[in-house]
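Please read the structure below before turning to the comments.
The values are calculated or read from the model by the stated rules, or taken from the named source; none is laboratory data. For clarity, every value in this text was computed on a predicted model and none was experimentally measured. Glycine also receives a Cβ, built like all others from the backbone with ideal geometry; neighbour counts cover every protein chain displayed. The protein model used for the area step is the full one, side chains on, heavy atoms only, and it has no ligands, DNA or RNA in it. Shrake-Rupley method; radii C 1.70, N 1.55, O 1.52, S 1.80 Å.
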Amino acid sequence: MNGIVISIFEQGLIYGIMALGIYISYKILDFPDLSVDGTFPLGAAVTAALMLKGINPWLCLPISAVAGCIAGAVTGILHVKLKIKDLLAGILTMTALYSVNYRIAGAPNQFLMGKSTVFTLPESMPTFITTYKYIIVIFIIAVVMKFALDWYLSTKSGFLLRSVGDNEGLVVTLAQNPGTIKIIGLAISNGLVALSGSLACQRSMQFDITSGTGTMVMGLAAVIIGITIFKKIKFMRLTTGVLFGMIIYKACITAAISSGMASSDTNLIITVLFVATLLINDFTSRKNKKKGGVINA
Amino acid sequence: MLRLSHINKSFNVGTVDEKQLFTDFNLEISKGEFVSVIGSNGSGKTTMLNIISGDIKPDGGDVFLSGDNITKMANYKRARRISRVFQNPSNGTCPTMTILENMSIADNKGKSFNLTKGLNNKRKDFYRSRLETLGMGLENRLGTLTGSLSGGQRQALALIMATLAKPDILLLDEHTAALDPKSADIVMRLTDEVVKENEITTVMITHNLRYAVEYGTRTIMMHEGNAIMDVSGNEKSEKTTNDYLKIFNEISIECGN
């Protein structure tokens, strides 16, 4: 039982970093970005290729993130400069990334058995740490990313990012180019997603080119679960809510599978869970409106 | 200060709805003028404002601001020197950000939006003093999300934000039209105070003839892409709403409405 709980937290936090990325694109920029289905395995592909070459696993994390940033910027440029619709721009990048990921990794699957990862700790560490090494490393990375994102959103540049999804016209009146800000936002978002992919690859010791399928829907579900449940708590930031959202999401999936459903049923569970949260979200906000609560302008 | 020179603009070119709105339209506005623009729907008021702000590019002609030709300059680049308040109160503020956050970004206009702290706590007292002039109590609600403010409050805040970094020219696009009469009067009075206090050159579109009479230093009436009336100084101060209405009616009879 203990093992299952820890595994839920591990998976929840690894994919939680991805959900932070989707929080930026979907919630802040109001951009349904499907390129994440390609940037998640991109992070894994880059990591697999680098690890096979014997590059330091810690170095793989930032390099994967940069690769994700570039892919996100491509989506942004397709949308902003070439005026392609947001949804289509993401799909195009995702489609192209399938080939790119194959090229980078050299094969649709790569196994990394015996390679050292960020979870490879020195033998001299106390046994308590080595026993729980996965969750400790994942927790630290996830928390650092959360605080880094919180910090960024509180800077001047972050303020612009927050206003561009809300009110593009205001950004124009501030003498800033909203297109550039969108591209930056998508780059950061996909950087986080690729970082999450890199971490997932290092945890599972393998790269699978299809691992990105459903990333967008999974992340979106976590964002909506997290925000719906935790928005009432004043002192907690929404980014924390998003991480918890993914943990809850992973717990639901685990519960469904352990109650006898096959792992191939997960996509169906995801969809049902997703629709359920949307309905709950809709219901609670309608109740708020009736009470004359905050208008969601 | 601002000069529109030989402006041509057509809409829906190549369709049955093709309409030539501006043909060789010229307008000059001097520094410090407060121009009210009135006219019926489709007369070209808003198009003129959009040509000044760069949201619409003219088919021909040039736009000059303080002697610089800005015709080809993108709207967001012009915004460094041109501020604007829109008709819709939600267009001027960011609803998911607090009053203090909104004031901070407006205050940073023209400077770099870098990785330093977004909130400008040092200027809090200054923001409070600016908000105090509104008399709406917003100075005590810096932590409130602007999305939860009323339309009148938002529009007043938008006005303060638009003039925080003093612009060369302020464009007001029917900025009181979406407000109830009382709020509209308050926002209009504030507009006059802010404009006078900071000596901002202003172009205001309004459907309220009373405002055109009571406020501003010059009134222009637009009709089918032409300025059919342009009064300032004594000539303007002698005009009443009835004079404006009379001209309106004359135009309408000509059109057969």
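Numbers for the structure displayed
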quantity: Matching helices (runs of 4 or more DSSP H) fully within segment A:3-112 where at least 1 residues are out of contact with any His (no Cβ under 8 Å at 6 or more places or on another chain) and among the charged types (D, E, K, R); calculated: A:36-52, A:86-105
quantity: Hits in segment B:83-108 (condition: assigned to a loop (DSSP other than H, G, I, E, B) and closer than 22 Å to B:Gly143 by Cβ); calculated: B:Gly92, B:Thr93, B:Cys94, B:Pro95, B:Thr96, B:Met97, B:Asn108
quantity: Any hit, segment A:44-51, residues being at positive phi, more than 12 Å from the chain's Cα centre (by Cα) and surrounded by fewer than 23 Cβ atoms within 10 Å (Cβ to Cβ); calculated: no
quantity: Residues satisfying the stated conditions in segment A:16-31, i.e. open to solvent by 40 Å² or more (accessible area, probe 1.4 Å) and in contact with a Leu (Cβ under 9 Å, 6 or more places away or on another chain); calculated: A:Tyr26, A:Lys27
quantity: So A:Tyr152, is it at pLDDT 95 or above and farther than 14 Å from A:Ala45 by Cα; calculated: yes
quantity: Pairs where the first residue, in segment B:67-80, is within 11 Å of another protein chain (Cβ to nearest Cβ) and the second is open to solvent by less than 60 Å² (accessible area, probe 1.4 Å) and among the basic types (Lys, Arg), C-beta under 9 Å, 6+ apart; calculated: B:Ala79/B:Lys109; B:Arg80/B:Lys109
quantity: Single residue of segment B:123-146 satisfying the filter (in a helix (DSSP H, G or I) and within 14 Å of chain A (Cβ to nearest Cβ)) that is farthest from B:Thr98 (Cα to Cα); calculated: B:Arg123
quantity: A:Ile270 vs. criteria within 14 Å of chain B (Cβ to nearest Cβ) and in a helix (DSSP H, G or I); calculated: no
quantity: A:Gly260, sole failed condition from (1) more than 14 Å from every other protein chain (Cβ to nearest Cβ); (2) in a loop (DSSP other than H, G, I, E, B); (3) at negative phi; calculated: (3)
quantity: Matching entry among A:Lys231, A:Lys250 (being within 30 Å of A:Tyr152 (Cβ to Cβ) and open to solvent by 40 Å² or more (accessible area, probe 1.4 Å)); calculated: A:Lys231
quantity: Within segment B:1-42, tally of residues that are open to solvent by 50 Å² or more (accessible area, probe 1.4 Å) and part of a strand (DSSP E or B); calculated: 10
quantity: Selection within segment A:142-186 - crowded, with 19+ Cβ neighbours inside 10 Å and either of a type in the set (Asp, Glu) or farther than 24 Å from B:Ala79 by Cβ (or both); calculated: A:Ala142, A:Met145, A:Lys146, A:Leu149, A:Asp166
